[in-house]
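This report concerns only the one structure given below.
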Amino acid sequence: MLTKKEIYDVFLASPVASLIVLPDSPRFTIVEANDAYLTDTKSKLHDLAGKGLFEAFPQNPFEPEGTRTDKLISSFEQVLTTKKPHKLNTHQYDIPIRGTDRFETRYWNLNNIPVLNDTGSVRLIMHTVTDITKVVLLEQNEKESEKVKKKGRAQYRSLFVQNPLAVYSFDMNGKLLSANKSAAKMAECPVKDLLNRPFAPLIAPGSLKKVLYRSRKAILGEPQNFDAEIITTKGNRYLTNMTHLPMVVNGRIVGVYGILMNITERLIYERQLKTSLKEKEVLLTEVHHRVKNNLAIITSLLAMQADSVKDKQLQELLKISENRIRAMGMIHELLYNQEDFSKIAFGIYINKLLAYLSPGPEVSGPFVKTTVHAEDIFLDINTAIPCALILNELLTNAYKHAFKNRATGDVEIHISQSNHRYTLIVRDDGTGMFVQLNKKDITTLGLSLVHGLTRQIGGTIDIDSNQAGTTFTISFNGEPRVFA
């Protein structure tokens, strides 16, 4: 038989957090606490000994009154009545942070065990606890995460099923994996008849080569938007606008997402409106509106795809594509909101682009001040879109790369016109990252796109880079469009 001292030593050394209290309900005076209990509750023995249990561990005032203490008192009372152990599983009881007026959220598995005397009465109650806070919080986080994912899946499903545009997907071999009701309606057959069948037979022979080429580009990670003719299962032909996007699963491209819009009626309508200038303006408004909405759908899908990808490099590539498409979409948005479709107020466009690209104070990293010096320059759409993409690339590179290990930075944008010659200058006072450019740098930093777009508008580019910063000067010809 163990002596009382040996039993006491076992109690103190037990890894199970334990407390001994008197059965003096409702006070339940604390008699002793072992080291495990003191460690788990971050207490000292003098914080507990001789105090009532709920004096040493008061109710968190920010919790509903009595909800935590009532269950614990009830458990103790049940032990006194039945003289048998009683358990409370996953019981939240916040503990005070000693020396402050704050509380720490804790979850416990509790066990109250009666110690009887010779007459069978409860002499003491041993109160043991197991801290399961980490487990409970992890489960709560997983449940919340699953709830968010479930909501996202439901929203995506609703967007897919209810979308008035035909939405579909096919694998690397061109076999249809999914299609919504709008796609089935356009194909003139039930949804089930579309699934697991080749995509190619629905394309008119004259458009098949183009569609296959554009689909391969999408599989390589390049979003595609183009017009093509389709043939329904009943033999009817329609002119459509198709958008093909890479379908990424677990960081790998496994197929193509497609969005298809019937533009047959629109094309017929366009021919009719050519006889009237006013009707032509209505048509152009519709065109820019639809293109703007199409590009908005593409950017939204790319953003959703980026959120679902764990590969940071792939996320960055999708974000770059999203920004490029958004830069073009802003041009169409400006055109849609003005009466004259022949020109773009490029100074207004620059400020609109900066509102999206420029890192704000809420973004970690250097604070970059961007200054715009723009005359009343107006560009036609064939020049404005390449210039918009050039500006998007140069600003993105400056914000991302020019100010490493810097707290602040300055970027200046100048655009001016002299006779028929335009000059666009983007200057930063960064670290001069473009001092030595090689072919790999140009590809990596998007400068290959800048060079290609500059050639497209018949321009020239000059790069001046040193330790004081980098300056890009792009000159190109155009119609003189300076307005007072």
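The values are calculated or read from the model by the stated rules, or taken from the named source; none is laboratory data. Note that the coordinates shown come from a computational prediction; the quantities given were computed from them, not determined experimentally. No Cβ is skipped: glycine too gets one built from the backbone with ideal geometry, and neighbour counts run over all protein chains shown. Areas reflect the complete protein model, heavy atoms only, side chains present, ligands, DNA and RNA absent. Shrake-Rupley method; radii C 1.70, N 1.55, O 1.52, S 1.80 Å.
For segment 364-377, enumerate the residues that are among the hydrophobic types (A, V, I, L, M, F, W, C) and in contact with a helix residue (DSSP H, G or I) (Cβ under 7 Å, 6 or more places away or on another chain). Before you say what the answer is, go through the steps one by one.
Taking segment 364-377 and keeping what is among the hydrophobic types (A, V, I, L, M, F, W, C), we get 367-368, 372, 374, 377.
Across segment 364-377, the qualifying residues are VAL368, VAL372, ALA374, ILE377.
For segment 415-474: of the residues being touching a Lys or Arg at 6+ places or on another chain (Cβ under 7 Å) and not small (Gly, Ala, Ser), which is modelled with the lowest pLDDT?
Only one residue fits best here, namely THR431.
So, in segment 445-475, exactly how many residues are small (Gly, Ala, Ser) and within 15 Å of VAL411 (Cβ to Cβ)? Give the steps one after another, and end with the answer.
The first filter runs over segment 445-475 and keeps only residues small (Gly, Ala, Ser), leaving 446, 448, 452, 458-459, 465, 468-469, 475.
Checking which are within 15 Å of VAL411 (Cβ to Cβ) leaves us with 465, 468-469.
Summing the residues that are small (Gly, Ala, Ser) and within 15 Å of VAL411 (Cβ to Cβ) in segment 445-475 gives 3.
Identify, please: which residue in segment 116-147 is free of Cβ contacts under 8 Å to residues at least 40 places away in the same chain and of a type in the set (A, V, I, L, M) and is, among those, farthest from LEU53 (Cα to Cα)? Show your work before the answer.
First pass over segment 116-147, keeping only residues free of Cβ contacts under 8 Å to residues at least 40 places away in the same chain: 116-121, 133-135, 137-147.
From the residues that got through so far, the ones that are of a type in the set (A, V, I, L, M) too are 116, 135, 137-138.
Numbers: LEU116: 20, VAL135: 25, LEU137: 25, LEU138: 29 Å.
Ranking the candidates gives LEU138 first.
If a residue must be farther than 17 Å from ILE231 by Cα, open to solvent by less than 30 Å² (accessible area, probe 1.4 Å) and among the small types (Gly, Ala, Ser), how many such residues does segment 169-191 contain?
Going through segment 169-191 one residue at a time, the tally reaches 1.
In segment 33-77, which residue that is assigned to a helix (DSSP H, G or I) and open to solvent by 80 Å² or more (accessible area, probe 1.4 Å) is farthest from LEU12 (Cα to Cα)?
To start, the set of residues in segment 33-77 that are assigned to a helix (DSSP H, G or I) comprises 35-41, 45-48, 53-56, 67-77.
Narrowing further to those that are open to solvent by 80 Å² or more (accessible area, probe 1.4 Å): 35, 39, 46, 55, 70-71.
Details: ASP35: 6, THR39: 12, HIS46: 15, GLU55: 22, ASP70: 28, LYS71: 27 Å.
Top of the filtered list is ASP70.
Please tell me if ASN112 is under 48 Å from the mean Cα position of the chain (by Cα), more than 19 Å from ALA17 (Cα to Cα) and open to solvent by less than 40 Å² (accessible area, probe 1.4 Å). Steps first, answer last, please.
Numbers: under 48 Å from the mean Cα position of the chain (by Cα): yes; more than 19 Å from ALA17 (Cα to Cα): no; open to solvent by less than 40 Å² (accessible area, probe 1.4 Å): yes.
No: the conditions fail for ASN112.
Being surrounded by fewer than 12 Cβ atoms within 10 Å (Cβ to Cβ) and without any contact (Cβ under 8 Å) to a residue 24 or more places away in the chain: is that true of LYS150 here?
yes
Consider THR100 carefully, then state whether it is in a helix (DSSP H, G or I) and of a type outside the set (A, V, I, L, M, F, W, C). Steps first, please.
Numbers: in a helix (DSSP H, G or I): no; of a type outside the set (A, V, I, L, M, F, W, C): yes.
When the stated conditions are applied, THR100 does not pass them.
Filter segment 1-32 down to the residues that are surrounded by 19 or more Cβ atoms within 10 Å (Cβ to Cβ) and part of a loop (DSSP other than H, G, I, E, B) and list them by number.
PHE28
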